[in-house]
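What follows is a single structure, written as structure tokens, with notes after it.
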Ligand code: G6Q
């Protein structure tokens, strides 16, 4: 397999970077009145402005050529067709089937998965409607008021992010909580204030063997039984979402209270499956369905749009341009507003677990950068914290800004302020403030020459910092579905161009294995000697510190 770095387009991009790498976006905008028109695109209800990037027509042409030479279009077909592109685990990658609202057949091992997908959706609908209407009651006949999703990683981050993002659609009398950390304070502080009679637990685990989730689920069960007493009441308060029927039954949850999903749904791509049950209960199944529709619209766009006007493709290519040709090490995601505050954490998993790999599909060590460090936070808060490094630090940090034109909570002109701040940041990052401008401003304010000489260099903002702006009219379940699917496909494209398997996570598995091996050592008699010097010593030290 040809390495990406050996492709003609890669080499051409290297030469091109040497030509235009130092060009300032100020000049690009000044010399081109139509830059915005050419470097923007729409996909359904999402609009992308990528004109504030260090690209020219030639850059985009070469990047598209790189995508072609990497076989992106062929790989895209393979994914949608249900081929087992997650070859290290022998699995198809079909989260797109979960939101396939057109219901066209999708085959895995010769069998159409759509009837099963639809059947589980129907069960989710029935269950979530019953809970919301108060038809599904707790063991004393009271309606459910609190839903606690117990899961971690892919079985937590998605539903949590979506429930927060769609809080405007939720009912105040049906709250959602998320317990993920094995640290006891997580479950204990969540249970405080909850009533076992009106609390429903969703134990969400694809494997149903994850140590943290199982521990939290057992703690929740004990807490529940301390009041309910009778094991027979568990059925009304514990449901499971899993692919592992045997383990679910062993836990004591009856098969009729288990919502299934399948091994072709990766954990970090699972919020569209029954892992989204807490979403359906908290914001309603209709809204959950709208989110699936939005994601499906993005799937179709990704599947059908030509590469040069394909939003996930363009975003992926821009990321590669900076990571591999400018040496950028990270990517910031900056949703403006408060509802999407957990989007960076969600995407951190989606992106870093997928493309944080260093061997290619042939098992060869890569000699080029792969997945960027994804980080971020919501604006305007970030402006008062880490943005300084983006403006004046030594690193190049491409950033995605995300905002809706309208708010669910119109109050005074606060949303206009949010918008103004976001525009100010993307503009300041790109335009900056040059030395002569700083000097002129200081002079106008009456500063003397020596003060100007001393202060001016500190006030220079170099600019030329790239950003994308993703804009939508309203923040709705539909646009949220589109947005999340946009990033999923962006990650897919980058994985293909970097020649990775973006769908396994052996690093995560290793951590799980080691934790299981270490746990019994903590209560074992005598000194631990099984590991390396540091690990042994730390375990033994902690054993000496633990309260009896
Ligand atoms: C996701 C990862 C990982 C996984 C969690 C939880 O792609 O595999 O984050 O989701 O480790 O796993 P379970 O759902 O099996 O408990």
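Derivation of every value follows stated rules applied to the coordinates shown; laboratory data play no part. Just so it is clear, the structure is predicted and the values come from calculations on it, not from any experiment. Here Cβ is always computed from backbone atoms with ideal geometry, including for glycine, and neighbour counts include all displayed protein chains.
Some points to look at:
- The three principal axes of the Cα atoms in the stretch 206-256 give end-to-end lengths of 29, 24, 14 Å, sorted in falling order.
- Within the chain, antiparallel bridges make up roughly 30 percent of the DSSP beta bridges whose residues both belong there.
- Euclidean distance between Cα centres, the stretch 433-474 to the stretch 153-200, Å: 44 Å
- Axis angle, to the nearest 10 degrees, between helix 506-518 and the longest C-alpha principal axis of the chain: 40 degrees.
- Given their separation in residues at 0.36 nm each and the Cα-Cα distance between them, residue 513 and residue 366 gain 50.3 nm when the chain is fully extended.
- A Cα-only calculation for the stretch 449-548 places Rg and Dmax at 26.3, 74 Å.
- Per-residue ellipticity at 222 nm computed for the chain from its helices equals -14500 deg cm²/dmol, with DSSP H segments shorter than 4 residues left out and the rest contributing -39,500 (n - 2.57).
- Kirkwood-type hydrodynamic radius, the stretch 185-280: 13.8 Å, calculated from all non-identical alpha-carbon pairs.
- Computed over the chain, relative contact order equals 19 percent, with contacts defined as Cα pairs under 8 Å that lie 6+ residues apart.
- Nearest 10 degrees, 0 to 90: helix 414-431 Cα axis against the chain principal axis: 50 degrees
- Cα-only Debye scattering, the chain: base-10 log of I(q)/I(0) at q = 0.10 Å⁻¹: -0.90
- Using C-alpha pairs under 8 Å with a sequence gap of at least 6, the mean separation divided by the residue count of the stretch 131-177 gives a relative contact order of 42 percent.
- Rg over Rh, two decimals, the stretch 1-112 (C-alpha only, Kirkwood Rh): 1.10
- Residues 467, 516, 249, ranked from the fewest to the most other C-beta atoms within 10 Å, line up as 516, 249, 467.
- The simple spin-label model puts a point 7 Å past each Cα toward its Cβ; for residue 126 and residue 68 those points are separated by 5.1 nm.
- With respect to the chain, whose longest principal axis is taken over its alpha-carbon atoms, helix 449-459 is tilted by about 40°.
- Label-to-label distance, nm, for residues given as residue 89 and residue 24 (7 Å Cα→Cβ offset): 4.8 nm
- The stretch 291-424 - share of DSSP beta bridges that are antiparallel (%, nearest 5): 10 percent
- At q = 0.19, 0.21, 0.24, 0.28 Å⁻¹ the log10 of I(q)/I(0) for the stretch 248-303 amounts to -0.81, -0.92, -1.07, -1.16, computed by Debye summation with a single uniform scatterer per C-alpha, solvent ignored.
- Counting beta carbons within 10 Å around each of 334, 347, 522 and listing the fewest first gives the order 522, 347, 334.
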